[in-house]
Structures are given as C-alpha cells and as structure tokens.
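The values are calculated or read from the model by the stated rules, or taken from the named source; none is laboratory data. Predicted, not measured: the structure shown is a model, and the values here were computed from it. Note: ideal-geometry Cβ built from the backbone for every residue, glycine included; neighbour counts use all protein chains shown. All accessible areas refer to the heavy atoms of the entire protein, side chains included, with ligands and DNA or RNA removed. Shrake-Rupley method; radii C 1.70, N 1.55, O 1.52, S 1.80 Å.
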Amino acid sequence: MAAVDTTAQSVTRVPQVLASKVERPSTGWTSWFTTTDHKKIGIMYLVTALVFFILGGVEALMIRLQLGAADNTLLSPQVYNALFTIHGTTMVFLFVVPIMAGFGNYLVPLMIGARDMAFPKLNALSYWMFLAGGVVFYASIFFSPPEMGWTAYTPLSEKAFSPGGGVDAWIFLAHLTGISSLVGSVNFYVTIANMRAPGMGWGRMPLFVWTILIYAILLILALPVIAAAVTMLLTDRHFGTNFFMPPDGDPLLWQHLFWFFGHPEVYIMILPAFGIVSEILPVFARKPIFGYKAIAAATVVIAFLGLLVWAHHMFTTPSPSVVLIFFMLSSFLIAIPTGVKIFNWIATLWRGTIVFKSPLLFAIAFLSLFLIGGISGIFLAIFPVDWQLHDTYFVVAHFHYVIVGGGVFAIFGGLYYWFPKISGRMPNERLAQVSLGFMYLGLTLTFLIQHSLGLDGMPRRIYEYQDIGNLELYNQISTVGSWFLGLGIVLSLYNFVRSAKKGAIAGPDPWLGNTLEWFTPSPPPQNNFDEVPRVRSIEPMKDIRRQVERQSGITSDDRELVSH
Amino acid sequence: MAPTATYPNPRRILIAAFALAALGLLAFTGVASADLLTPQSGGSPNADDIDTLYKIVLVLAFIIFFAVEGVLLYSIIKYRHRKGAVAAQIHGNTRLEIGWTIGAAVILVILGGVTFAMLPGIRNPPNSQANGYSGPGTEPIKFASAADRQPPNGRALRIAVNGQQYVWRYTYADGDKNRLNNVFAYNTMVVPTGTTVTLEIRAQDVIHSWWIPQLGGKFDAVPGHTNYTWFQIPEDKAGTVFRGQCAELCGRNHANMIAYVKAVTPEQFKLWLAAKKRSIDAANRDVIAQRKVLFPTAADKATQDSAVNPTP
Ligand SMILES: [Cu+2]
C-alpha cells in the first residue's frame, strides 16, 4: 500500500466511475456496418471468429466420425481431404488469429486508457477484409473445395495435381486475411506505442497488451513471406512460372517459405493466449503477477526465437545435417522462455488467496494442458525422434494440446473474464464449470490417446486405416472424446448467449480487476473514459480501489465475489 | 493458516491423486500394447536406438510433468481463498527466477548431449553380418554423397525407392551400368536378413514419405531430391513382413499407399533375386521381339518375310 502515491490530485475524483460526456452511440443494425468504434469492431471480430470456430468444430466432428471405425466408408477420400484442409485453415486463419485480434481490438484501447484505436477506419477495413477472406474461402465448398491440407505443400497444390479452384480460394483467403492482419497489426503497434495513459511506461503496460504488441510485430514480419509464397504458387498455377516444380523449381522452397511464416504463426496464436492468462491469474489469486519483467521479456525472446525454428517442421526432408542440428538446438532454446512463463504463472498462484471463478478455472486448465503440449514439443524437437513421430497422430496430438489446450482454453477463460465488461452482465458460473468439465475431459480423451495412435503407426491425413495394433480402439476413444469436447464448447457458447440477456448486472468491476478496462462502466461508453487516471504501477485499478478504500473506509476485499 | 476441518488435508488429496494417476496409467499400459507409450522398434538397430533415445526423453518428460502439475495442484489446493487469508504481495524473486531458467537450460543441455551421443548409431549403418547377403547389388559405390551414409566396409544392398501416386517401386542395384535390366518390385520389398540395406528415396510426382516404423524413421521422397536411409533386419526376423505407409499427404488415396518389407534369409533372397532376374530378362526379350514385329527395321522385315513365305 505504501507504493501508492497519494499526492496526485486526480485520484481523489476518479474513484466514481462516471460517463458524463458520452456521445450518443449510433444504434440499429446498420450501425454494425458503418461503425469504426473499436469495441463494436472487437465484438464483430469475436462473434465472427466464434462462428468460424463452430464451422471448424463441425468439420472436426465429421473427421472424427469417419475415423471412428476401421475401414470406414462414411466419407469419400475427396470429402475427407477437403474437411481436414478446411478445418485446419479455418482454425488458424479464421478463428485463433482473428479472435486474438478481437480481444486486442476490444481491450487494448481500454487497457491503455485510450479512447479508440489510432486508425479507426483502418480498423474497420481490417475486420471486413477478414470476413471477406472467410467468405471467399467457404464459397469454394460449393465449387471445388481445396484438398491439399492447410500447409498446401507443393507439388500437390500445383495445377498438375490440384486442378480445381479450391487451392485458388485458399490463396485468396491467405491474401485477404493477410492484408486484414497487416493493417490491424500496424494499427495495434501505433496505438500501443503512442496512446498509452499518462504514466504507463513500457514497464507498466498490461501483459496482455505486451503480447498483442508482439503478436502485431510477428504478423508484420511473417505475413509478407506467406503473401509472396502464395503469389508464387498462384503464378505457378496460372501464369506459367515454375517456382515449386522440379526440375527448374524446388518443392522444398515452398516448405521453407511456408514455415518461415507458419512457425511464427504458432506464436502469433499462442502469445496473446499467454497474455490473457497473465491477466487472469493475478486478479483471482489476489496477488501481483510473479516476475512481470521476466514474463514480458520471455514474450519478446519467444517471438525472436520463433523466427528461427521454422525448419523443425522439415526434419524428414532431404536437408543437410547442419540444418537439422541448428533447428533442433534453436527449438530447444525456445523451451527455456516458455518454461519460465509456466513457472512464473504457477508462482503467481503460490501463496495467493485463489478465488475459483470461471476465468481462473479456465486459466488453470490452460496451465495443466499447455504443459503437455510443451513437453511433447521437446520430443519433436529432437530430430532423430521426430523421424518416427513426424506426420503422425503424435504431432496432431501435440499441436492440439498447444492450440486447443493452450489457445482455446485461454480464449474461453478470456471470454468469461471480459464477458461482464463487454455485455454488462455476469456469465452463469455453474454452467461455466460444467462446460469446463466437459471440455477438459473431452480434450483429454480426444488428444491424449492420439499420441499413442502416432506411436502405433498412424500417419496424419489418412481417410481410412486398417485395424492393426490398437488403432481402432484408440480412434474410438478419440472420437467419443471429441463429442464431449464439442458439448463443452456448445455449453459455454450457450452460456454467453443466455447470459447476455439474463445474467446478473455486472457493474464496472465485478472481478476486482487490476487493469484500466475495469475503470469504466460495463459495457463502456463510446468514448471509453471521461477521465484517464494517471498510472503508477502495473495494477492501476488496484491502486484506484485502495485509494477509494482509504477515503471511504469500505474495503473492497470484503465485497467478495463469492456472492455472484 | 491451517485448513478448516471441512476440507481434507491437501497433501493427502495430492498423494491420492498421484496414486490414482499412476495406477490408471499402469492398468492402461497393461491392457494395451507396448506401443502405447513408445515408438515401434525391433526391426533394425536404428529403430531400436530411436526407441531408446525416446525412452530417455520420456523419463525426463514424466519427471517434469509430475513435478510441475504437482506444484500446480498443490498451490491451487493449498492457497484457495479462505476467510481471513491474505495473499502475499510478492512481485518476483530474481534468484529463484534465474535458478529455474538455468534449471530448464540444464535439462536441455542433457537432452542435447544424449542426442548427440546416440546420433551416430541412428544415422551410420553398420557392416552386414558375417553371413549376410553379399551378391550383386552390394558392390561398394565410388562416390557417395555426404548424405548417403555407407557402412564402414562400403558394402550394403542398395535399393532405389521411388514414390508415385499411390505405389512404391523398388529397384535393386545389380552392379552394372544398364538400369533397364535391374530387378524391380512394387509395394513389397524383399530383403535379406543380417544385411545392411541402404535406400535412395525419390519421388516422381508429388512428395511422399517412406516410413516403416519398425525399421526406423521416415524420410520424405521429394521430387528433384534424393533422400537416404538404411536398415538391417536381425537374422531371427526372417519370414517377418514389416508394414508401413506413406506419411506425407500425396492425394486422395494417400491412405492406401502401403509399403511392406519382407525379410527372408540371404539364401532365399538369392533365389528370389535370380527368379526375378530371369522373369525380367524374359520379359525384356519378349519386349524386344514384340518391338521387332510392331516397329520392324529393314533387316527385321527381310527375316520376317522369309519366315512367313519360306522360299521353297
Ligand atoms: Cu504418398
């Protein structure tokens, strides 16, 4: 408490959350098309991404149904290949990356005490490009859906082997979502660099904002490479060039270009998830984040190293030993800052007084699941071991632990955490717990056994398999699990829809948060803040609450959350 | 702050949870095959070495997993909110943080060391066994590239593996320059036991990936490139058929691109090779004869005419 500087004048007035200078917000359904308000755009991003998440989830369930029995004939190989291609593309390009942009859009200005993003119109452009990318891609299912996998390896994706327009739709999607993310990233960067509240130096910026900053920088570095690569593929397919076809071109060039983008893309997806967890844990442990600087630094180090590990996706290609060894060691290095983060998060819980609300439960689930994805990554980084595991279900298990166990659980934690801010109402705790239970059980059943599937010899991307070893048993466990996972997700989505109308009124700061978004009504007025308080620590809202306590004599820790 | 009576002792919960997890794991391992937790092996020393390396990593992984999940579980049970409890306002601990950074680095240095120690056994083929096969196809090659690793004495049975949608074709080296008279086979590769077999892996349309799990790791067949690997099947495995399949998406029937490696004794292999050679030579002769009928030269015409209309 001694850290709070009581001399600043503004603090005496700010404790009452007021929104007197609210501009009349535009209403009606047309306002969603014309808006440049970062909050509306953020909500549109979140909702659109969740719609694509549902579509990608339905595709996943169909994939699991086909694999539920050996030698199954439910789906044709053509349909099956299209399904996993669309599933992968959807989850990466249309769900995880844009939903992080959604969180960023909604929260970055609020967390740094700004009234909007730096370029509100570019922000709207960014959203509409993302939607257009998704629409043109999904339109291809009515013509000739792509079947070459979301990695689009050449020569398979070349015209000679994939004559249909599905690959071109995929290229179009990569371009449109790429422009969307580039425009959005520049916007995030400029906003974060220039529009922070007085007193909010780099060392007091919320960790979520740190991760969005790094997310933006990684996108700016990685997207031009994939844009170039897909353009080269497009000219190969239609304009007579030969970048990726032997004898003149080289299929491995595609892999290098793709993964130079593709691996940073993994961190583009997971770093904001780290940011969400870093916001949730200290709030519900009632304790400052452990090692703020270490976590922020680890984010930067992971992003930097993330640019140097791409060829660990290529350990089985004909590549020189020195390449294999370099990329094994660089992948090892990235485990260190990642481990540091996990230790810091657990240390944040240590000696706290943990309040078990839904956001925290999801964050803990994230910790316990992401750890498994991190550990299985070590196996894959050791290239002789990867020679056995590469392109098998072990890899499928690994990246689903990272992207679902890590990404999706953090995303749902974030949705529960900021739902009261966005909607003004509380989500249903009981339903959240049931949903989490199904999701956790479902994920474990679906993906834990997939490590064994890979070890038992099952490659990825096969539409049928013979029942050799325990393949059918393992696949059935996985298929049953996928329905639990699906049910859990549906329960949470239902919770959000229902609570938006019927939930208890949240008030500005229902969780006793640490950051500035809680210092404004829920939902926030169009101008966000009438007055931006001076920031004196990494927990400005905690400082403000203490200020109130001192002046009013009422301790906020007494109005516990348990009653909600 | 002692826990209230309504809550069981956190340490006891922890121990119970661990015991349950361990028991469940053991029970499951008993029910399922050995490949629940480890890669397949047993067909070749490189596969066995990868399996050993994997198991070393697995032991470390389990230690890290149980330690971290244990601490996590302990802290959420021990430090759950209770009336009157006050959270420690700690912002960090530099010595602790440096400590676990170094700890993580040390584990990775150990893993790197073990990997480098085991790498030669995985990548470098040994000589064939004394009673292995040593006939045609095992002649030492003069100019092997660095990636094309050969046994110390240079003698290994060389087979070219070619991936195409959706079959594998194997061409056996025979020591001469003519590539048209080589023995070849589709899908099932017949190989002698006790003999080092080196593979040159190529593709002619899209990328495929050669993978027989029990004979070692997978190696991509990339158009325009050559990839290399090897295996040596122990003598007691004669008669075994090893199964594998293409591991890189190569089109609609990727799932049906199966490969078999059939191990036979060196004597059986010689017989098989000779029989194959005879039938291929016979087929080649037939082709030459047919070509003479379909695309005859002037000289051929003369002999054909004399055959059809023999001079009286
Ligand atoms: Cu193939």
message: Pairs please, first residue from region B:247-265 and within 7 Å of chain A (Cβ to nearest Cβ), second anywhere and more than 7 Å from the ligand (Cβ to nearest atom) and part of a helix (DSSP H, G or I), Cβ atoms under 6 Å, 6+ apart in sequence or on different chains.
response: B:R252/A:P77; B:R252/A:Q78
- prompt: Can B:Y186 be described as closer than 24 Å to B:L273 by Cβ, free of Cβ contacts under 8 Å to residues at least 60 places away in the same chain and hydroxyl-bearing (S, T, Y)?
  reply: yes
task: State yes or no: is B:A247 more than 13 Å from the chain's Cα centre (by Cα), within 16 Å of the ligand (Cβ to nearest atom) and either open to solvent by 10 Å² or more (accessible area, probe 1.4 Å) or closer than 30 Å to A:T85 by Cα (or both)?
output: no
- line: When region A:450-464 is checked residue by residue, the ones that are closer than 17 Å to A:G373 by Cβ, buried (at least 24 other Cβ atoms within 10 Å of the Cβ) and at the interface with another protein chain (Cβ under 10 Å from one of its Cβ atoms) are A:H451, A:S452, A:L453, A:G454, A:L455
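Matching residues to (1) within 16 Å of the ligand (Cβ to nearest atom); (2) open to solvent by 60 Å² or more (accessible area, probe 1.4 Å); (3) at the interface with another protein chain (Cβ under 10 Å from one of its Cβ atoms); (4) without any contact (Cβ under 8 Å) to a residue 12 or more places away in the chain:
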{"residue": "B:L108", "(1), (2), (3), (4)": "no, no, yes, yes"}
{"residue": "B:L111", "(1), (2), (3), (4)": "no, no, yes, no"}
{"residue": "B:M118", "(1), (2), (3), (4)": "no, no, yes, no"}
{"residue": "B:I122", "(1), (2), (3), (4)": "no, no, yes, no"}
{"residue": "B:Y133", "(1), (2), (3), (4)": "no, no, no, no"}
{"residue": "B:F143", "(1), (2), (3), (4)": "no, yes, no, yes"}
{"residue": "B:Q150", "(1), (2), (3), (4)": "no, no, no, no"}
{"residue": "B:R155", "(1), (2), (3), (4)": "no, yes, no, no"}
query: Inside region B:38-85, can you point out the residues that are assigned to a loop (DSSP other than H, G, I, E, B) and either charged (D, E, K, R) or at the interface with another protein chain (Cβ under 7 Å from one of its Cβ atoms) (or both)?
result: B:T38, B:P39, B:Q40, B:Y79, B:H81, B:R82, B:K83, B:A85
- request: Pick out the one residue from B:N182, B:N178 that is surrounded by fewer than 18 Cβ atoms within 10 Å (Cβ to Cβ), assigned to a loop (DSSP other than H, G, I, E, B) and in the same structural domain as B:P223 (by TED's automatic domain parsing).
  value: B:N178
- prompt: For the subset of region A:254-283 comprising residues that are more than 30 Å from A:G352 (Cβ to Cβ) and within 12 Å of chain B (Cβ to nearest Cβ), which member is surrounded by the fewest Cβ atoms within 10 Å (Cβ to Cβ)?
  reply: A:Q255
- request: Please enumerate the residues belonging to region B:164-190 that are more than 16 Å from the ligand (Cβ to nearest atom), at negative phi and either within 14 Å of chain A (Cβ to nearest Cβ) or of a type in the set (G, A, S) (or both).
  value: B:A173, B:A185
query: Which residues, counting only those in region A:454-465, are in a loop (DSSP other than H, G, I, E, B) and at pLDDT 95 or above?
result: A:M458, A:R460, A:R461, A:I462, A:Y463, A:E464, A:Y465
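Assess whether A:F356 counts as being surrounded by 24 or more Cβ atoms within 10 Å (Cβ to Cβ), under 25 Å from the mean Cα position of the chain (by Cα), of a type outside the set (A, V, I, L, M) and more than 30 Å from B:E200 (Cβ to Cβ).
no
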message: Just the residues that are within 7 Å of chain A (Cβ to nearest Cβ) and outside any helix (DSSP H, G or I), please, taken from region B:87-106.
response: B:A87, B:A88, B:Q89, B:I90, B:H91, B:G92
task: Look through A:S319, A:S330 and report the one residue that is part of a loop (DSSP other than H, G, I, E, B) and out of contact with any Asp or Glu (no Cβ under 8 Å at 6 or more places or on another chain).
output: A:S319
query: Is it true that B:A259 is within 26 Å of A:Y465 (Cβ to Cβ), in a strand (DSSP E or B) and away from the ligand (no atom under 16 Å from the Cβ)?
result: no
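Kindly indicate whether A:N495 is out of contact with any Leu (no Cβ under 8 Å at 6 or more places or on another chain), among the polar types (S, T, N, Q), in contact (Cβ under 8 Å) with a residue 12 or more places away in the chain and open to solvent by less than 20 Å² (accessible area, probe 1.4 Å).
Values: out of contact with any Leu (no Cβ under 8 Å at 6 or more places or on another chain): no; among the polar types (S, T, N, Q): yes; in contact (Cβ under 8 Å) with a residue 12 or more places away in the chain: yes; open to solvent by less than 20 Å² (accessible area, probe 1.4 Å): yes.
Here the answer is no, as A:N495 does not meet what is asked.
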query: Of A:P251, A:P224, A:P198, which residue is within 14 Å of chain B (Cβ to nearest Cβ) and either modelled with pLDDT of 95 or more or surrounded by fewer than 24 Cβ atoms within 10 Å (Cβ to Cβ) (or both)?
result: A:P251
message: I'm trying to understand the selection: among the residues of region B:39-89, which are surrounded by fewer than 17 Cβ atoms within 10 Å (Cβ to Cβ) and closer than 24 Å to B:T240 by Cβ?
response: B:G42, B:T52, B:K55
- request: Quick one: which strands (runs of 3 or more DSSP E) lie wholly within region B:191-239 and hold at least 3 residues that are within 16 Å of the ligand (Cβ to nearest atom)?
  value: B:196-203, B:208-210, B:219-221
message: Go through region B:192-223 and report how many residues are touching a helix residue (DSSP H, G or I) at 6+ places or on another chain (Cβ under 7 Å), within 25 Å of A:V385 (Cα to Cα) and surrounded by 21 or more Cβ atoms within 10 Å (Cβ to Cβ).
response: 11
- request: Among the residues of region A:141-167, count how many are over 14 Å from B:L249 (Cα atoms), surrounded by fewer than 22 Cβ atoms within 10 Å (Cβ to Cβ) and more than 9 Å from every other protein chain (Cβ to nearest Cβ).
  value: 8
message: Exactly one of these conditions fails for A:F327: (1) more than 7 Å from chain B (Cβ to nearest Cβ); (2) in contact (Cβ under 8 Å) with a residue 60 or more places away in the chain; (3) among the aromatic types (F, W, Y). Give me its number.
response: (2)
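So, B:N253, is that one of a type outside the set (F, W, Y) and near the ligand (Cβ under 10 Å from one of its atoms) or not?
Values: of a type outside the set (F, W, Y): yes; near the ligand (Cβ under 10 Å from one of its atoms): yes.
For B:N253, the condition - of a type outside the set (F, W, Y) and near the ligand (Cβ under 10 Å from one of its atoms) - is met.
Being over 30 Å from A:F412 (Cα atoms) and free of Cβ contacts under 8 Å to residues at least 60 places away in the same chain, is that true of even one residue in region A:254-267? Let's see the steps before the verdict.
Our first condition is that a residue be over 30 Å from A:F412 (Cα atoms); within region A:254-267, this holds for A:254-257.
Okay, now just the ones that are also free of Cβ contacts under 8 Å to residues at least 60 places away in the same chain, so A:256-257.
Looking for residues that are over 30 Å from A:F412 (Cα atoms) and free of Cβ contacts under 8 Å to residues at least 60 places away in the same chain, one finds at least one in region A:254-267, hence yes.
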